[in-house]
Amino acid sequence: MNGSQNVDNQNVGVQVPNNNVNQQNNVNPPVNNVTVDAPELGSVSSSDDAIPSEQTLVNTITLKGKMCKDCNMKFSDNANTSQCVFCGSSNIVDFDTSEDETHYIPFVKTYNDAVADYKKKTRFKFLLPFTFKNKKTRKRIVKAFFPVKIYDAKVYGKIVFYAADEIIDKKNTEVKQYEVSYDTNFDYNNVLVSSCSKIDESNYTNVFKYDYSQMTVFNNDVLGDALHVYSDVDDSVDINKLNEKIVKNSVNIVRGSIGHELKKLKENNMSVLCNGQKKILVPMYVLNIKYKNNDYFYLMNGQSGESFLNIEISKTKIVVVSLLIFTLIFLVIMLIAFFF
């Protein structure tokens, strides 16, 4: 069974077939050979298309870069920047490092595309502070390659739910209770995990959707005017994020397939087996905006143009401004009525 859904989304798009729910016996037959593709990573035709193990990438490249002493982020020194792209600090020092050769996806969108998109996102938001609309702010948008890993993995094992239906007739209300169990077997393809601690891909799901058909082997010559952001996350942290993502999603798939009104997880004995991984550098435009001791990020996918600005106008501010505008209009109407 093939499907497509967001591994971070509660409203999954893959449903286990209804005939997997045996409401009479309250025990379900095994769920077998379900292939789950993460849409933010493109699609994979079948579960047999496993990602080659990272062990096949044996070449090592030497990197010269800069490190922010305030937030410890590391990035290449090819671009002319005197500030950290994540915290804005000028406390930057040189460093040398090396890492295994990786792959990258080239930029399609230009710097001007990113500037125009940012202006569009802020232009008509009249309650945004001027800091976000300032021309100097837009000019600080940075072109960068971000480190991620994509995984193929399998989730298998038993999962049990409590389930119930409320049956109402003319005189009585009856609640029928069930225990629903599955033997799961889900194959996940192309699950993306960010290797940059400052950017959590689960908060920017649409931005982290890439087409891997353009992926090729990386070398420093392809950087041009783009920064290379170096990974600052251990492999064990990435694996834990992977496990949490796909187990959570598998639970949601099963929950969505249960044909009862109420359902509550009772037992989860699912395990995760990683079938392969690959390091990739993905194209991104990034802007860090500091406002009242908080960091706000603008991100734009350098391939698709999908973007996100993580700021919302507070409801309190909207209410206050609306009241002021209403009061002003009311006073103007009263004055007109008084004099005319």
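The values are calculated or read from the model by the stated rules, or taken from the named source; none is laboratory data. Remember, it's a predicted structure, so these values are computed and weren't measured experimentally. Here the Cβ positions follow ideal geometry from the backbone for every residue, glycine too, while neighbour counts run over all protein chains shown.
A few remarks follow.
- Residue-level analysis places LYS158 outside the set of residues that are in a helix (DSSP H, G or I) and touching a strand residue (DSSP E or B) at 6+ places or on another chain (Cβ under 6 Å).
- Applying the criterion of being buried (at least 16 other Cβ atoms within 10 Å of the Cβ) and among the hydroxyl-bearing types (Ser, Thr, Tyr) to the residues of region 207-234, the residue that is nearest to the chain's Cα centre (by Cα) is TYR210.
- Residue within region 184-203 that is aromatic (Phe, Trp, Tyr) and modelled with pLDDT under 90 present: no
- Enumeration of residues in region 203-235 that are of a type in the set (Phe, Trp, Tyr) and assigned to a loop (DSSP other than H, G, I, E, B): TYR204, TYR210, PHE218, TYR230
- From the list LYS109, LYS139, the lone residue that is in contact with a Gly (Cβ under 8 Å, 6 or more places away or on another chain) and at pLDDT 85 or above is LYS109.
- Flag for ASN288 being out of contact with any Phe, Trp or Tyr (no Cβ under 8 Å at 6 or more places or on another chain), of a type outside the set (A, V, I, L, M, F, W, C) and either assigned to a strand (DSSP E or B) or modelled with pLDDT of 90 or more (or both): no
- Flag for VAL193 being in the same structural domain as LYS264 (by TED's automatic domain parsing) and either more than 30 Å from MET73 (Cα to Cα) or in contact with a Ser or Thr (Cβ under 8 Å, 6 or more places away or on another chain) (or both): no
- Index of the failed condition, LYS263 passing every other in (1) over 18 Å from ILE159 (Cα atoms); (2) touching a helix residue (DSSP H, G or I) at 6+ places or on another chain (Cβ under 7 Å); (3) of a type in the set (D, E, K, R): (1)
- Residue within region 141-151 that is in contact (Cβ under 8 Å) with a residue 40 or more places away in the chain, assigned to a loop (DSSP other than H, G, I, E, B), under 24 Å from ILE199 (Cα atoms) and among the β-branched types (Val, Ile, Thr) present: yes
- From the options LYS290, LYS278, residue that is under 25 Å from ASP232 (Cα atoms) and surrounded by 19 or more Cβ atoms within 10 Å (Cβ to Cβ): LYS278
Residue by residue, here is whether (1) crowded, with 16+ Cβ neighbours inside 10 Å; (2) assigned to a loop (DSSP other than H, G, I, E, B); (3) in contact (Cβ under 8 Å) with a residue 40 or more places away in the chain; (4) among the aliphatic types (A, V, I, L, M) holds:
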site: PHE86; (1), (2), (3), (4): yes, yes, yes, no
site: VAL93; (1), (2), (3), (4): no, no, no, yes
site: LYS119; (1), (2), (3), (4): no, no, no, no
site: THR137; (1), (2), (3), (4): yes, no, yes, no
site: ASP165; (1), (2), (3), (4): no, no, yes, no
site: TYR178; (1), (2), (3), (4): yes, no, yes, no
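- The C-beta contact set for region 227-249 (first residue small (Gly, Ala, Ser), second residue assigned to a strand (DSSP E or B), distance under 6 angstrom, 6+ apart or interchain) comprises SER231/PRO147.
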